[in-house]
Amino acid sequence: MKVHEYQAAKLLRTHGVPTPAGYLVEKEDDIGDTVQRVQKDFNTTAVVVKAQIHAGGRGKGGGVKFCRDAVAARENASRILGMQLKTPQTSAEGQLVRKLYVTEAMDIDQEFYLAITLDRSREQYVLIASSEGGVEIEEIAEHSPGKIIKEYIDPVFGLQPFQSYRVALKLGLSGSALKQAKILIKKLFSAYLKTDASLAEINPLVRTKQGELIALDAKFNFDDNALYRQQEIAAMRDEFEEDPAEVEASKFNLNYIKLCGTVGCMVNGAGLAMATMDIIKLKGGEPANFLDVGGGANVDTVKNGFRIILADKSVTAVLINIFGGIVRCDRVANGIVQAVRELNLDVPVVVRLEGTNAEEAKRILADSGVSIIPATTLNDAAEKVVRAATG
Amino acid sequence: MRLKRLFAPPPGDLGLTTWRNEEPSSDGDYSRRFDNPVKQVHIMSILLNKSSRIIVQGITGSEGSFHAEQCHKYGNNVVGGVTPGKGGQKAIDDTVPVFNHCQEAREATGANVSLIFVPAPFAADAIKEAAEAGIELIICITEGIPVNDMVQAVSYVRSRGVRLIGPNCPGLLTPDEAKAGIMPGHIARKGSVGVISKSGTLTYEAVHQLVAEGLGQSTCVGIGGDPIIGTTMIDLIGLFEDDPETDAILLIGEIGGQMEIEASRYVKEHARKQVFGFIAGRTAPPGRRMGHAGAIVSGADESAAAKMAIMRDCGICVVESPADLGATIKTKLA
């Protein structure tokens, strides 16, 4: 799960990592008042207005503006709030800006990169740092890989003080800044663990002209599997940042991801679902979605699956590919027949059922009288659905 | 208790001891299984075979009881179950004893395999409990375990020298011998292709295609789709390489992580047997999690195309279409 920058900043502050102070604004009418409060409460004239969307690269799309005074702040804020912000990480039409974060401005002396995540291969946490802050880590990796510092953290023993010291030293810090960095790194790791984060990134971490280390921008991603024990984090979910169809699907425990093709697919199991999308593409079609209906594909799952797939108006044909292992194909077939009858579908549906009781399932589909295009192998199914989709 | 003494491992043994496939001698003495304590003999039928003694953690839950019964029907070797607070009960039609904890279960039954269906919030603890009890092979089916819990559990398991498969996996199946997991046993046939896969139903699809081409499997292993798992592709390629019953290996991977890349390099260096590979998710958009917790492209080399290219470079026969898994292997092995 992703959260907004203002939420990540709040988490950092809770765990003792300094961030610029700021207020959130969601309504056009509140802009003037919020800017004034930021100036007054935090004793600053210059402020920064930042669009709050989940995608990165906001600055590049014009969603982050330094404002010398209240006039500039109000102007920029009015323009950004409600705009379709396009960044390298959003879709082509961009993402609607519904929230703005107005913060005090900092006198920046130097920018760093600091992040903690999981190294899957090593089965350890990894602290990543660089003196080249303010740009994407992928860019640093490409242009100056030598400037990326990595420190692996043993999951049993945790981050050791010497490791924080070593990173601070490699960042070129000394004196008070080095001391601050050691403490900040420790607190960042603590925040990462305590919130079940999968990524805790500060980019940039800045040293101000006054010599303070401050997390100017923050990004947190969280482990979905741990949300059951992270109520506060779970409450930060912003459904407006997600695709409405995906939010709808999650309510039915369906795992749906919208793509931009025309062939809808409904599959049991994530691996087979991906493979089904792949073969549609190999046969010249474009998958419209990823949809894993899980182990038990019954009438309700099939019906909900159809509703979600067909809410996407670009879908011109649907492929149902179920490999019955423990779940019996004849039951799935009955579910499909009932769902198709009740929903009155107007797109061609190709059905391929394989595995336990597949023969019986084929007979049920054939005898049902509903207009379903039966398929035998994966190849056969993909060819038929692509043909149906392209008309 | 006599059994307890007999099951105590010899000094210096970390649980890596190979268990021989022999039946106990007529006086019920299992201790002969502990010979050859230093050299590990990698035979797939040792990871799971007819003489494996399986306990099911979470045997009284709905998933656990259903699949325990299925496994028992397949291999007739589920010897017990564990559910805290339900010790003394019986499971699988009142035939199999239930214990409160793993240590008790192991001492009473001589179990060497544990199959876990414990709910996600408690599953990592269940894994550690099995490891501490000295269960040599732990298979965790549970999906949705927090990554932080798994990082700890995997470290714990490794320090005890035992093997974990999964979590979030369909488990193991050695056709005609034993099943420890949720794979539909009846679709597989005994044969010489070793199957290693991150996925469940895609494995069934592959097995189905192999059988349709007249090819059986030595063992099918679902390693799981989570970011942190107990047994990697490299571990299993090593085991299959040393298994005289295996002639070829099929690797079914997906987007996300570096495991397929590391496995490919290992194959290039060490593998003598023919290795086939498929990567699911070439149409997956970057940065999106495709069902499995670990299936997300977060770097250029984690995409399906990149992994397939590296596999090819390392001498793996890459199958482009998921529909051609069986046919390709049949042709190449002919």
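The values are calculated or read from the model by the stated rules, or taken from the named source; none is laboratory data. Since we're looking at a predicted model, the values are computed, not measured. Positions of Cβ are generated from backbone atoms using ideal geometry, with glycine treated the same way; all protein chains shown enter the neighbour counts. Heads up: the accessible areas ignore ligands, DNA and RNA and are worked out on the full protein's heavy atoms, side chains in. Shrake-Rupley method; radii C 1.70, N 1.55, O 1.52, S 1.80 Å.
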Worksheet entry | Subset of the range A:40-80 (residues that are surrounded by fewer than 22 Cβ atoms within 10 Å (Cβ to Cβ), charged (D, E, K, R) and either at pLDDT below 95 or under 18 Å from A:Glu26 (Cα atoms) (or both)) | A:Lys60, A:Lys65, A:Arg74, A:Glu75, A:Arg79
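When the residues of the range B:131-145 are narrowed to those that are among the β-branched types (Val, Ile, Thr) and over 24 Å from A:Asp224 (Cα atoms), which ends up nearest to the chain's Cα centre (by Cα)? Write out each step before concluding.
Here is the first cut: in the range B:131-145, the ones among the β-branched types (Val, Ile, Thr) are B:135, B:138-139, B:141-142, B:145.
From what is left, the residues that are over 24 Å from A:Asp224 (Cα atoms) are B:135, B:138.
Values: B:Ile135: 14, B:Ile138: 8 Å.
Once the filter is applied, the top-ranked residue is B:Ile138.
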Item to complete: Select from the range B:56-112 the residues that are farther than 21 Å from B:Met183 by Cα, surrounded by fewer than 20 Cβ atoms within 10 Å (Cβ to Cβ) and among the polar types (S, T, N, Q) and list them in ascending order.
Response: B:Gln89, B:Thr95, B:Asn100, B:Gln103
Fill in: Qualifying positions in the range A:102-121 - surrounded by fewer than 22 Cβ atoms within 10 Å (Cβ to Cβ), over 20 Å from the mean Cα position of the chain (by Cα) and either farther than 25 Å from A:Ser190 by Cα or at pLDDT 95 or above (or both)
A:Glu104, A:Ala105, A:Met106, A:Asp107, A:Ile108, A:Asp109, A:Gln110, A:Glu111
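Tell me the strands (runs of 3 or more DSSP E) entirely within the range B:78-184 that contain at least 1 residues that are more than 24 Å from A:Arg122 (Cβ to Cβ).
Counting at least 1 such residues, we get B:78-82, B:96-99, B:113-116, B:171-174, B:178-181.
I'd like to verify a number: residues in the range A:306-342 that are of a type in the set (S, T, N, Q) and part of a loop (DSSP other than H, G, I, E, B), how many? Give the derivation first.
Of the residues in the range A:306-342, the ones of a type in the set (S, T, N, Q) are A:314, A:316, A:321, A:334, A:338.
Next cut, part of a loop (DSSP other than H, G, I, E, B) only: A:314, A:316.
Residues that pass the stated criteria total 2.
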Worksheet item: What is the number of the single condition among (1) touching a Lys or Arg at 6+ places or on another chain (Cβ under 7 Å); (2) open to solvent by 10 Å² or more (accessible area, probe 1.4 Å); (3) not polar (S, T, N, Q) that A:Glu286 does not meet?
Response: (1)
Fill in: Evaluation of B:Gly230 against (1) outside any loop (DSSP other than H, G, I, E, B); (2) closer than 21 Å to B:Leu47 by Cα; (3) of a type in the set (Gly, Ala, Ser) (one fails), failing number
(1)
Worksheet item: Hey, any hits in the range B:281-302 for a residue that's in a helix (DSSP H, G or I) and either of a type in the set (A, V, I, L, M) or surrounded by 20 or more Cβ atoms within 10 Å (Cβ to Cβ) (or both)?
Response: yes
Practice prompt. Any chance you could count how many residues in the range B:278-319 are of a type in the set (S, T, N, Q) and more than 10 Å from chain A (Cβ to nearest Cβ)?
Written response: 1
Practice prompt. Would you check if A:Phe42 is touching a residue at least 60 places away in the same chain (Cβ under 8 Å) and touching an Asp or Glu at 6+ places or on another chain (Cβ under 7 Å)?
Written response: yes
Fill in: Residue count, the range A:362-379 (criterion: touching a strand residue (DSSP E or B) at 6+ places or on another chain (Cβ under 8 Å) and surrounded by 15 or more Cβ atoms within 10 Å (Cβ to Cβ))
8
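Has the range A:68-88 got any residue that is within 14 Å of chain B (Cβ to nearest Cβ) and without any contact (Cβ under 8 Å) to a residue 60 or more places away in the chain?
Of all residues in the range A:68-88, those within 14 Å of chain B (Cβ to nearest Cβ) come to A:87-88.
Keeping just the survivors that are without any contact (Cβ under 8 Å) to a residue 60 or more places away in the chain gives A:87-88.
The answer is yes, given that some residue of the range A:68-88 is within 14 Å of chain B (Cβ to nearest Cβ) and without any contact (Cβ under 8 Å) to a residue 60 or more places away in the chain.
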Discussion item. I'm trying to understand the selection: among the residues of the range B:54-67, which are in contact with a Phe, Trp or Tyr (Cβ under 9 Å, 6 or more places away or on another chain) and either part of a strand (DSSP E or B) or away from chain A (no Cβ under 13 Å) (or both)?
Written reply: B:Ile55, B:Val56, B:Gln57, B:Gly58, B:Ile59, B:Gly61, B:Gly64, B:Ser65
Item to complete: Would you mind finding the one in A:Ala200, A:Ala249, A:Ala215, A:Ala226 that is buried (at least 17 other Cβ atoms within 10 Å of the Cβ) and either among the aromatic types (Phe, Trp, Tyr) or more than 20 Å from the chain's Cα centre (by Cα) (or both)?
Response: A:Ala215
Worksheet item: Any residue in the range A:199-222 that is in contact with a helix residue (DSSP H, G or I) (Cβ under 7 Å, 6 or more places away or on another chain), under 23 Å from A:Ile153 (Cβ atoms), of a type in the set (Gly, Ala, Ser) and assigned to a helix (DSSP H, G or I)?
Response: no
Item to complete: Report yes if B:Val195 is of a type outside the set (Lys, Arg), within 14 Å of chain A (Cβ to nearest Cβ) and either in contact with a Ser or Thr (Cβ under 6 Å, 6 or more places away or on another chain) or not in a strand (DSSP E or B) (or both), otherwise no.
Response: no
Discussion item. Which residue is least open to solvent (accessible area, probe 1.4 Å), if the candidates are limited to the range B:251-277 and must be assigned to a loop (DSSP other than H, G, I, E, B) and more than 14 Å from every other protein chain (Cβ to nearest Cβ)?
Written reply: B:Ala271
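Please give the helices (runs of 4 or more DSSP H) falling wholly within the range A:223-288 in which 2 or more residues are within 10 Å of another protein chain (Cβ to nearest Cβ), in contact (Cβ under 8 Å) with a residue 12 or more places away in the chain and at negative phi. Break it down stepwise before answering.
Values: elements: A:231-234, A:244-251, A:270-282.
In the range A:223-288, the matching helices (runs of 4 or more DSSP H) lie at A:270-282.
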Discussion item. Checking the structure you have, find out if any residue of the range A:343-361 is part of a loop (DSSP other than H, G, I, E, B), closer than 30 Å to B:His186 by Cβ, within 14 Å of another protein chain (Cβ to nearest Cβ) and open to solvent by 10 Å² or more (accessible area, probe 1.4 Å).
Written reply: yes
Discussion item. Any residue at all in the range A:383-391 that's in contact with a helix residue (DSSP H, G or I) (Cβ under 7 Å, 6 or more places away or on another chain) and either away from chain B (no Cβ under 14 Å) or not in a helix (DSSP H, G or I) (or both)?
Written reply: no
Item to complete: Filter the range B:192-235 down to the residues that are of a type in the set (A, V, I, L, M, F, W, C) and closer than 27 Å to A:Thr117 by Cα, then identify the one that is surrounded by the most Cβ atoms within 10 Å (Cβ to Cβ).
Response: B:Ile223
Item to complete: Filter the range A:152-191 down to residues that are assigned to a loop (DSSP other than H, G, I, E, B) and open to solvent by less than 20 Å² (accessible area, probe 1.4 Å) and give me whichever is farthest from A:Phe222 (Cα to Cα).
Response: A:Leu173
Item to complete: Mind telling me which of the residues B:Ala188, B:Ala130, B:Ala180 ends up being closer than 30 Å to A:Thr195 by Cα, touching a strand residue (DSSP E or B) at 6+ places or on another chain (Cβ under 8 Å) and more than 10 Å from chain A (Cβ to nearest Cβ)?
Response: B:Ala130
Fill in: The one condition in (1) more than 8 Å from chain A (Cβ to nearest Cβ); (2) closer than 20 Å to B:Ala304 by Cβ that B:Gln217 fails to fulfil
(2)
